[in-house]
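Some notes on the structure that comes next.
The values are calculated or read from the model by the stated rules, or taken from the named source; none is laboratory data. Keep in mind the model is a prediction, meaning the values are calculated, not measured. When we count neighbours, we look across all protein chains shown, and the Cβ atoms used for this are built from the backbone with ideal geometry, even at glycine.
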Amino acid sequence: MKYDIRSKGEFDYGLVLIVAVIVLMGLFVIYSASYQKYVLSGTNLSLRQLQSAVIGIIVAFALFRIGYQRIIDFGYYIFGLNVLFLVLVLFVGDMRYGARRWIEIGSFAFQPSEFTKVTFIFALAKYLGDIKEGIERPKALVWPFVMAIVPMLLIFKEPDLGTALVFVPVLFTMLLIAGARLKYLMILIGSGLACAPFLWFFLKEYQRNRLMVFINPNLDPLGAGYTIIQSKIAIGSGGILGKGWLAGTQNQLNFLPEHHTDFIFSVVGEEWGFIGSAVLLFLFYRLVGKGLRIAETTSDIYGKTLAYGIVTVFAMHIIVNIGMVCGLMPVVGIPLTFVSYGGSFLITSIACIGILENIKNKRKVF
Amino acid sequence: MRSRIYSTIINIAFLVILAGIFYLQVLRWPLYHTLAKNNHIRLIPFPGLRGTIYDRNGLAMVDNRLSFDVVIIPQEVENTDKTYDRLSQALGISRAKIESIIRKESSAPFAPITISGDVDKDLAFSLEEQKQRLPGVLVLPRTIRWYIYGERASHVIGYLGLINKKELDDLEDYGYSVSDLVGRSGVEKAYDKYLKGEDGGMQLEVDASGRLVRILGSKNQKKGRDITLTLDAKLQAYAADCLEGQRASAVFMDPRNGEILAMASSPSFDPNIFIEPGKNDAAVGYIKSSARPMLNRAINGQYPPGSIFKVVLAFAALDTNKATVHTTYVCPGRYYLGKAEFDCWKLEGHGPQDMRDAITHSCNVYFYNLGRKLGPDTISEYAQKVGLNKPTGIDIGGESGGLIPNPAWKKARRGQSWYEGETVNYSIGQGDVLVTPLQMTEVASVLAMGGAAPRPHVIKKIGDTTVNVPKPRMVPISKETAATIRSAMVNAVSSDTGTGQRARIEGLKIAAKTGTAQAPNGDPHAWFMGFAPADDPKVAFVVMVEHGGHGGVAAADIAGKILRFAKDNTEILK
């Protein structure tokens, strides 16, 4: 109760502070992770990440001023436009690392799939808000299911398994919070699990390998298992205090592939040790906690489902990313929120903070 | 309610992640710390070569030679099919075998894997020429120990084996490391710490592709010290050849200083086998063989001496005045002790024999009489005086001490009294008495030098430093006694009735004694012991052939051949 009084209709400065600290830590880690590249070619990735952060802040501020209700009104259109981009990316997308995920406009490139996570949440929130108690009917679940499966298939085709999978927990969390019958959700989950073995045949060879090596990384220590073994070595060898900034041998000597993107947490673990990892994890925990508090205390069904959707996206990325880097989960290739190098996702994430703050701010109006 | 479930799931997930990080970074840190270090630090060893071993004339007997290993770096192979097939063809190893080696041996990325060690030089060069067409395949040179004389000097020189855990614990402070080869027998073992080189190496930091980042430190290697042996390589090789096909041994020693000129034992083994990769079966074969090729029969073979023991009795009798040169016994061909009959080897009898005759003809009956007169205690006392019953102290070590029995020993060991019949057998070197060929060479030296028993040794110099030889032990034998026995032994070779006449050589006066020792199963062992030239001894020798039949034949023939070779082809008798 105390919490409500203090932040009544106001702005959560703590949330912004936590995000600022995490992004700042991220900039330092990216600098270290790309240090060899910087020395060789002068490309400063942390500077680029900082540019993205600034864009993100501008977008967040804009969204905060516009207000989430107005965006939700246009939710379907924005989402539709975004899905169009996903179709477009399969045809004119830029091929990088064997995947077609980027759209290039001049010197500016972005991943439509990263934005889809949020536009999907807006569209679904609008649907759930409009239908209200109607969600209890099983027929009402068909449309959300279609809304999720279409972008998922398109993203899966890029291919980007990790991002595609993020839609699943987001969909279920929002349906759950909106009041869908557990019985029907269970049936949906059950049929999804029943389909899982068939999904195996749709996976690309490397994706199957990744799942296999999760069960036993030593199956292919120099191939698919290599990344996860090296990542565990990096984190484990960091010890309690870490090897120091720019001093991680696994990182600096390139034993870790993708160490400035998906595997950035292993650089944190190696160079900053258990203390650094635990501090970062605690900041993430507080971030998710604050987001949850906003979601829980919002009575507006639009805002509530919207906030839960955003928090789920954050939590999923944090848990699955760190989990896979530590070898607790299979490698599915999703970035670490606010820390991994990548403009589209950073802008999206910071924008989401603007939306969360807006939800908190508007909460007491109703 | 639903939001409560949701936040609980989130909390649990974060706790699991925290536990996971704690496990990796705090609990398993030692493991990952080591793995990370192994990842980026490479040690390039520069092995320190072992010292060369030369013979007394400066001929290399053991050296180091360049060998070529074919290695593969799987990550750098471009066309796997083509490369493996080509390698399989060139090396004569099946493709499946190559793939299994790579699977088994791959440790770190970009670490070379040895496919075939010590390949033929021509093959190595032809592979090296095709380097451009076979990326990922390399031919790496490596020096390995080379036993030039192979089987022909292996017992003295010894062989190398991988250091074991216990030795490593003891020797780690002396610069030994896990993959070191250490001497397992002979000179290689006894002088290991001199021969051993000092390994050097370079510690490198590499990145994930195995490329050099920087050199962390380096140390130069040092070759071990060269050793010069007392062996004459030519004589050694010839002696070994003479023994081939038999279970036998031969020792040729300079009686003046104890330098071993040749020491051969047959059957023998090839020390090169133990360091050649992939020759494990052959090595195991040596160790399992019932012929015991690894045994150095010259120092570890213990046999009854038979008639060559008679010189000990002659020494005892003359020294104790129990007999003189002129003491005569008549040999009717047999000897009775109560109802027991003991034969002379010449069943029709030698007739009257004085001491010289008895030695020359190796008359058993004469020595039965002499032995009974002396008694077993005196016999054993004099046997010990000439150096039997204990190792000679040769510097390659591990030798056996033989056995000189007496009534007290028998009582203590078997709880039985000594029988008079045993004394009769004892007198001709039969019964429980055991000696090694090297011990008998020592006895020959004592007779040759009139009492000076040198310490047998095989090392002449370590580096440029001559090894100190201890002063000869003096056996209290009078000039007359030694001269008597010596002249009898000369007769044994030069007289037409002598037992050792088959060893006779034109222009070389040889003093020798034959021996025929009853062996438990099969033909008797053949002995031939002596020295030459008789008047100015430069070599004392023993040849021993297991189950070789009568001493006059098998052993004397071999000794004669070797002495003739020594006279014609070496400096030893000059």
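Values computed for the structure shown
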quantity	calculated
In the stretch B:208-223, the residues that are more than 10 Å from chain A (Cβ to nearest Cβ), outside any strand (DSSP E or B) and charged (D, E, K, R)	B:Lys223
Looking only at the stretch A:290-315, and only at residues there that are modelled with pLDDT of 95 or more and either touching a Gly at 6+ places or on another chain (Cβ under 6 Å) or under 30 Å from A:Ala234 (Cα atoms) (or both), the one that is nearest to the other protein chains (Cβ to nearest Cβ)	A:Ala315
Failed item, numbered, when A:Leu153 is tested on (1) of a type outside the set (Phe, Trp, Tyr); (2) free of Cβ contacts under 8 Å to residues at least 60 places away in the same chain; (3) within 14 Å of chain B (Cβ to nearest Cβ)	(3)
Subset of the stretch A:324-346 (residues that are outside any loop (DSSP other than H, G, I, E, B) and crowded, with 24+ Cβ neighbours inside 10 Å)	A:Met324, A:Val325, A:Phe345, A:Leu346
Checking B:Gly393 against (1) outside any helix (DSSP H, G or I); (2) touching a strand residue (DSSP E or B) at 6+ places or on another chain (Cβ under 7 Å); (3) in contact (Cβ under 8 Å) with a residue 40 or more places away in the chain; (4) not hydroxyl-bearing (Ser, Thr, Tyr), the condition it does not meet	(2)
Any hit, the stretch A:69-87, residues being of a type in the set (Asp, Glu) and in contact with a strand residue (DSSP E or B) (Cβ under 8 Å, 6 or more places away or on another chain)	no
Per-region count, the stretch B:29-75, residues within 14 Å of chain A (Cβ to nearest Cβ) and surrounded by fewer than 15 Cβ atoms within 10 Å (Cβ to Cβ)	7
Test: A:Ala278 is touching a residue at least 24 places away in the same chain (Cβ under 8 Å) and either of a type outside the set (D, E, K, R) or closer than 30 Å to A:Lys243 by Cβ (or both)	no
Within the stretch A:249-264, considering residues that are at the interface with another protein chain (Cβ under 9 Å from one of its Cβ atoms) and touching a residue at least 40 places away in the same chain (Cβ under 8 Å), the one nearest to A:Ser32 (Cα to Cα)	A:Gln252
Test: residue in the stretch A:118-137 that is β-branched (Val, Ile, Thr) and over 30 Å from A:Glu258 (Cβ atoms)	yes
Filter result (over 25 Å from B:Ile275 (Cα atoms) and either at pLDDT below 80 or surrounded by 15 or more Cβ atoms within 10 Å (Cβ to Cβ) (or both)) within the stretch B:79-122	B:Thr83, B:Tyr84, B:Arg86, B:Ala108, B:Pro109, B:Phe110
Hey, B:Ile260 outside any strand (DSSP E or B), closer than 15 Å to B:Val187 by Cα and of a type outside the set (D, E, K, R) or not	no
Residue, nearest to B:Ala317 (Cα to Cα), within the stretch B:368-390, restricted to residues that are in contact (Cβ under 8 Å) with a residue 24 or more places away in the chain and assigned to a loop (DSSP other than H, G, I, E, B)	B:Gly375
Hey, A:Phe74 under 29 Å from A:Ala295 (Cβ atoms), crowded, with 18+ Cβ neighbours inside 10 Å and touching a helix residue (DSSP H, G or I) at 6+ places or on another chain (Cβ under 9 Å) or not	no
Subset of the stretch B:3-28 (residues that are basic (Lys, Arg) and surrounded by 14 or more Cβ atoms within 10 Å (Cβ to Cβ))	B:Arg28
Lone qualifier among B:Lys390, B:Lys460 - being basic (Lys, Arg) and buried (at least 18 other Cβ atoms within 10 Å of the Cβ)	B:Lys460
Breaking point among (1) under 30 Å from B:Asp180 (Cα atoms); (2) free of Cβ contacts under 8 Å to residues at least 60 places away in the same chain, for B:Gly51	(2)
Close pairs (7 angstrom Cβ cut-off, 6 or more residues apart or separate chains): within 14 Å of chain A (Cβ to nearest Cβ) in the stretch B:181-207, in a helix (DSSP H, G or I) and crowded, with 19+ Cβ neighbours inside 10 Å anywhere	B:Glu205/B:His40; B:Val206/B:His40
Residues satisfying the stated conditions in the stretch B:488-517, i.e. under 14 Å from B:Lys561 (Cα atoms) and among the charged types (D, E, K, R)	B:Arg502, B:Arg504, B:Glu506
Single residue of the stretch B:7-28 satisfying the filter (under 60 Å from the mean Cα position of the chain (by Cα) and more than 7 Å from chain A (Cβ to nearest Cβ)) that is nearest to B:Tyr176 (Cα to Cα)	B:Leu27
Boolean, A:Gly354 is part of a helix (DSSP H, G or I), surrounded by fewer than 23 Cβ atoms within 10 Å (Cβ to Cβ), touching a Leu at 6+ places or on another chain (Cβ under 6 Å) and among the small types (Gly, Ala, Ser)	yes
Long-range neighbours under 9 Å by Cβ, at least six apart or interchain, first residue β-branched (Val, Ile, Thr) within the stretch B:76-92, second assigned to a helix (DSSP H, G or I)	B:Val77/B:Thr83; B:Val77/B:Tyr84; B:Thr80/B:Pro74
Single match in A:Leu241, A:Leu246, A:Leu283, A:Leu287 (criterion: at positive phi and either more than 7 Å from every other protein chain (Cβ to nearest Cβ) or part of a loop (DSSP other than H, G, I, E, B) (or both))	A:Leu246
Candidates B:Tyr382, B:Tyr329, B:Tyr368, filtered to the one that is surrounded by 14 or more Cβ atoms within 10 Å (Cβ to Cβ) and touching a Pro at 6+ places or on another chain (Cβ under 9 Å)	B:Tyr329
Flag if A:Ile228 is modelled with pLDDT of 75 or more, away from chain B (no Cβ under 11 Å), under 30 Å from B:Pro30 (Cα atoms) and in a helix (DSSP H, G or I)	yes
